[in-house]
Amino acid sequence: VQLQASGGGLVQAGGSLRLSCADSGRTNTPYVWGWFRQAPGKERDFVASISWTDDSTSYADSVKGRFTISRDNAKNTVYLQMHNAKPEDTSVYYCAARVGISTSTDSREYKYWGQGTLVTVSS
């Protein structure tokens, strides 16, 4: 598993942005993918997770209704669509993957991590 995140940038409050995470080393192993974020001086927080097996998803309360996680099997890519961005969404966003079936909010359960992509939301 080799994850490559992209799509970060500057967006105005209320705007939209889509992050992508591509896996260049995909196998048939069942995976759960997740997005986490870390603001300067803060801990890494869970954002969203999706199961490759059954498409089940989970979201942090802070992004529920604004962010959507989805996947594209053919491209081995997971997306995080951000709508109605808020300044408090400003963070470095990381994608991650773990072997399993069920979504997880615990970063310690994710074995594979991509490099971060910076999202800045201006007010």
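The values are calculated or read from the model by the stated rules, or taken from the named source; none is laboratory data. Values in this document were obtained by computation on a predicted structure and should not be read as measured data. Quick reminder, even Gly has a Cβ in these numbers, built from the backbone with ideal geometry, and neighbours come from all protein chains shown. With ligands, DNA and RNA removed, areas are computed over all heavy atoms of the protein, side chains included. Shrake-Rupley method; radii C 1.70, N 1.55, O 1.52, S 1.80 Å.
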Taking the range 39-83 as the region of interest, how many residues are touching a Pro at 6+ places or on another chain (Cβ under 9 Å), under 19 Å from residue 114 (Cβ atoms) and in contact (Cβ under 8 Å) with a residue 24 or more places away in the chain?
1
Of everything in the range 90-116 that's assigned to a loop (DSSP other than H, G, I, E, B), farther than 25 Å from residue 17 by Cβ and not small (Gly, Ala, Ser), which residue is farthest from the chain's Cα centre (by Cα)?
101
Which one is nearest to residue 123 (Cα to Cα) among residues in the range 38-54 that are assigned to a strand (DSSP E or B) and open to solvent by 40 Å² or more (accessible area, probe 1.4 Å)?
38
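Here is a yes/no grid of residues against (1) among the aromatic types (Phe, Trp, Tyr); (2) at pLDDT 95 or above; (3) within 23 Å of residue 12 (Cβ to Cβ); (4) surrounded by fewer than 18 Cβ atoms within 10 Å (Cβ to Cβ):
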residue	(1), (2), (3), (4)
27	no, no, no, yes
36	yes, yes, no, no
59	yes, yes, yes, no
67	yes, yes, yes, no
70	no, yes, no, yes
75	no, no, no, yes
83	no, yes, yes, yes
100	no, no, no, yes
With respect to residue 74, is the statement that it is part of a helix (DSSP H, G or I) and over 14 Å from residue 4 (Cβ atoms) true?
yes
Which of the residues spanning the range 1-25 are closer than 15 Å to residue 119 by Cα, over 11 Å from the mean Cα position of the chain (by Cα) and not in a loop (DSSP other than H, G, I, E, B)?
9, 10, 11, 12, 17
